[in-house]
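Worksheet: one structure, shown below.
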Amino acid sequence: MKVDRVWHGCRLATLAPMREGIGTVTDGLVAEVGGRIVYAGSAAEVPALEPAERIDCEGRWITPGLIDCHTHLVYGGDRAREFEQRLAGATYEEIAWGGGGIVSTVAATRAASEDDLVAAALPRLGALLAEGVTTVEVKSGYGLELEAERRQLRAARRLGTQRPVAIRTTFLGAHAIPPEWRGDADGYIEAVCQTMLPALAAEGLADAVDAFCEGIAFSPEQTARVFEAAAGLGLPLRLHADQLSNLHGAALAARFRALTADHIEYADEAGVAAMAAAGTVAVLLPGAFYFIRETQAPPVAALRAHGVPIALATDSNPGTSPLTSLLLTLNMGATLFRLTVDECIAAVSREAARALGQFHEIGSLEAGKRCDLAIWDIERPAELVYRMGFNPLHARVHAGVPTPGIGRGWA
Ligand code: DI6
Ligand code: FE
């Protein structure tokens with residue numbers, strides 16, 4: 001069989017669902033044709049191949065390209081000043097009620113052009129790619145009116161044309177009540193459902209729809225209206241649920257068969273059971289937990305007991321998680337939430353792919369999937385989780401093509 005490229009002499013964490021744990025293969029080989037994996041497994045069992053190019057991995061580990069399945073990467077301005085206020089004693093919620101917080105990023109985002117938004121996001125994206133990330137989800141939600149939400153989503157799509165990465169967009173119009181709608185959250189939700197969502201869906205700018213269900217944002221009833229409108233347009237659902245308080249957002253997400261319920265620090269056992277029954281993925285965001293100094297950890301034991309898939313993501317955003325390292329997120333998932341190494345690695349590959357409804361395409365090393373690889377200078381997978389602020393990426397491959405300039409193999 002003629003193939004384009006073969007990576008040999010590697011150890012694999014395939015993340016294939018039928019295998020134990022992370023699906024380790026010690027005598028690994030990956031073969032690719034036209035950007036797709038045609039074989040990933042033991043070199044001893046491989047059919048005869050005629051590769052155009054052979055890459056000797058010299059014993060390194062290959063994982064699927066990493067997936068950051070929850071980010072707010074595209075926005076204007078920053079919130080360093082607010083960080084200083086918080087250091088002086090103000091809480092995140094006090095700042096939000098005082099007109100700061102999300103709303104200050106909304107002002108900066110509205111003032112930015114599409115080019116400005118792309119330029120501001122590129123360095124953040126670059127930091128993710130440098131750690132072997134090959135798919136990034138990007139939410140809107142800092143425009144909060146049609147034109148500015150559109151600019152954010154278009155900027156997000158453009159990131160995927162300017163860098164070798166797959167971008168999945170999510171419309172988060174129901175992120176905060178914009179200043180001009182203060183006191184009329186229902187009116188704003190009406191605008192989200194009747195005007196913004198249909199227009200952006202028709203333009204193909206949203207791969208999914210998310211909402212922030214919280215005391216400082218939208219009620220479960222308002223969230224349900226957004227979900228009904230999105231479901232009516234055939235769009236998959238996500239939810240920022242039970243992050244700061246238990247509004248039974250996890251159960252709400254499950255009732256609508258949402259792809260994910262995200263954060264869920266305050267979710268209860270009934271919410272977790274509902275997620276399990278609906279196949280809703282738990283997306284845990286330890287960067288936000290850490291940054292706002294939350295003390296209530298998500299219900300990991302219940303998630304495990306009910307068999308809810310667990311994903312991890314950066315939640316990269318200016319207010320509660322100014323984080324652009326998925327490797328540090330793995331360390332936080334283990335240290336703060338006590339996830340195991342195998343759970344952490346699956347959480348940014350196989351389970352993150354499920355969180356995006358993309359497990360048919362990415363998230364494991366299996367024939368037929370896009371050939372997105374991260375090749376690591378490590379002796380054991382635990383090193384990806386154990387270190388803090390160290391990047392052992394050797395090389396990165398997106399759709400079969402190695403990325404020049406990224407990884408130590410290209411230094
Ligand atoms: N939850 C969060 O942690 C972020 N958004 C959300 O719904 C915070 C966004 C911000 O403060 O700018
Ligand atoms: Fe978020």
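General observations
- Segment 1-109, accessible area per residue, ligands and nucleic acids excluded (1.4 Å, Å²): 45 Å²
- Rounded tilt (10° steps) of 114-129 against the dominant C-alpha axis of the chain: 40 degrees
- Gyration tensor over alpha-carbon atoms, segment 1-60, equivalent ellipsoid semi-axes in Å: 19, 13, 10
- Considering only Cα atoms, the convex hull volume of segment 1-145 works out to 188 Å³ per residue.
- Stretched out straight at 0.36 nm per residue, the stretch from ASP268 to SER42 would grow longer than its current Cα-Cα span by 77.1 nm.
- Equivalent ellipsoid dimensions for segment 218-273 as semi-axes, Å, which come from the Cα gyration tensor, largest first: 19, 11, 9
- With DNA, RNA and ligands ignored, accessible area of TYR290 (1.4 Å probe; Å², nearest 10): 140 Å²
- ILE22 accessible area, assembled protein chains, probe 1.4 Å, Å²: 10 Å²
- Each Lys and Arg adds +1 at its Cβ and each Asp and Glu adds -1 at its Cβ; summed about the Cα centre, segment 207-358 shows a dipole of about 220 debye.
- Probe 1.4 Å, protein heavy atoms only - accessible area per residue of segment 132-213 in square angstrom: 31 Å²
- Spin-label model, GLU93 to GLU147: label points 7 Å out along the Cα-to-beta-carbon direction sit 3.6 nm apart.
- With R₀ set to 22 Å, the beta-carbon distance separating ARG19 from GLU361 gives a calculated FRET efficiency near 0.70.
- Our summary of shape: the Cα atoms of segment 189-334 have principal axis extents of 41, 32, 25 Å, ordered from largest down, in whole angstrom.
- For the chain, with +1 on Lys and Arg beta carbons and -1 on Asp and Glu, the positive-most of VAL348, GLN85, SER245 along the dipole: VAL348
- Mean residue ellipticity, 222 nm, helices only, the chain: the sum of -39500 (n - 2.57) across DSSP H runs of n ≥ 4, divided by residue count and rounded to 500, is -9500 deg cm²/dmol.
- Projecting the Cα atoms of ILE216, ILE375, ALA288 onto the charge dipole of the chain, computed from C-beta unit charges around the Cα centre, puts ILE375 farthest toward the positive end.
- Å² per residue, accessible surface of segment 306-360 at 1.4 Å: 26 Å²
- About the centre of its Cα atoms, segment 118-162 shows a dipole size close to 140 debye [charges on the beta carbon of Lys, Arg (+1) and Asp, Glu (-1) only; nearest 20 debye].
- Dipole axis of the chain (+1 Lys, Arg; -1 Asp, Glu on Cβ), positive-most option in GLY183, PRO123, TRP7: TRP7
- Solvent-accessible surface of protein heavy atoms, probed at 1.4 angstrom with all chains present, puts SER325, SER349, SER104 in the order SER104, SER325, SER349, largest first.
- In segment 109-160 the Cα-Cα distances spread across 10 Å bins starting at 0 as 26, 53, 20, 2 percent of all pairs.
- With every protein chain in place, the chain: carbon and sulfur % of accessible area (1.4 Å): 53 percent
- Cα-based radius of gyration for segment 88-194, normalised by 2.2 N^0.38 Å, reads 1.17.
- Gyration tensor (Cα) of the chain, equivalent ellipsoid semi-axes in angstrom: 36, 22, 20
- In plain terms, the chain is cut at each of the trypsin sites (Lys or Arg not before Pro) found in a DSSP loop with at most 11 other Cβ atoms within 10 Å, and the longest leftover piece is 1-181.
- Area projected by the alpha carbon convex hull of segment 170-226, averaged over all directions, nm²: 3.6 nm²
- R0 of 51 Å, Cβ-Cβ distance HIS306-ALA107: FRET efficiency to nearest 0.05: 0.75
- When +1 charges are put on Lys and Arg Cβ atoms and -1 charges on Asp and Glu Cβ atoms, the dipole computed for the chain relative to its Cα centre reaches about 700 debye.
- Across all Cα atoms of segment 317-411, the radius of gyration (one decimal) and Dmax (whole number) stand at 14.1, 40 Å.
- Out of every Cα-Cα pair that segment 235-299 contains, those further apart than 19 angstrom amount to 22 percent.
The values are calculated or read from the model by the stated rules, or taken from the named source; none is laboratory data. Everything numeric here is computed off the predicted structure, so don't read it as measured data. Reconstructed Cβ throughout: ideal geometry from the backbone, glycine too, with neighbour counts over all protein chains shown. Protein only, heavy atoms only, side chains kept; ligands, DNA and RNA dropped before computing areas. Shrake-Rupley method; radii C 1.70, N 1.55, O 1.52, S 1.80 Å.
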